[in-house]
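The values are calculated or read from the model by the stated rules, or taken from the named source; none is laboratory data. The shown structure was predicted, so the numbers you read here are calculated from the model rather than taken from an experiment. All Cβ positions, glycine included, derive from the backbone under ideal geometry; neighbour counts span all protein chains shown. Remember, those area values only see protein heavy atoms, side chains included, never the ligands or the DNA or RNA. Shrake-Rupley method; radii C 1.70, N 1.55, O 1.52, S 1.80 Å.
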Amino acid sequence: MEIEVANPVRISIRAAPAVIAWHIPHIETGETSAEVNINTSNFHHPDALDEADAPTDACREWIIHAVQAAIQRDGLKRWITWPDLGVTSFPGPNLTPHHRPPQPAAS
């Protein structure tokens, strides 16, 4: 039985100036590997998910590295939205990851 996470990891892609697409990547435990494409992504990591089925810190770092490599490969802008609703983006020419923590709910 597969457990659904309330806010799964999402990878968003700016495919054209006015076109943004996103997908939910497949993340599972296994030998470290990654495949990041325009509409699908698969990540395997020895310590993939925590008890809440969210990526562990080590797996997050692996996902960030793999998405950064995909941007370098195909030039498409991407960003990652995490289960806690924080966002990692890759601004600038050197694609240094930038993390925006989750925003507090408006009251």
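For segment 49-99, how many residues are more than 25 Å from Ala18 (Cβ to Cβ) and of a type in the set (Lys, Arg)?
Here the count works out to 1.
Check Pro93, Pro83, Pro104 and return the single one that is assigned to a loop (DSSP other than H, G, I, E, B) and open to solvent by less than 30 Å² (accessible area, probe 1.4 Å).
The unique qualifying residue is Pro83.
Could you count how many residues in segment 38-84 are in contact with a Phe, Trp or Tyr (Cβ under 8 Å, 6 or more places away or on another chain) and without any contact (Cβ under 8 Å) to a residue 40 or more places away in the chain?
8
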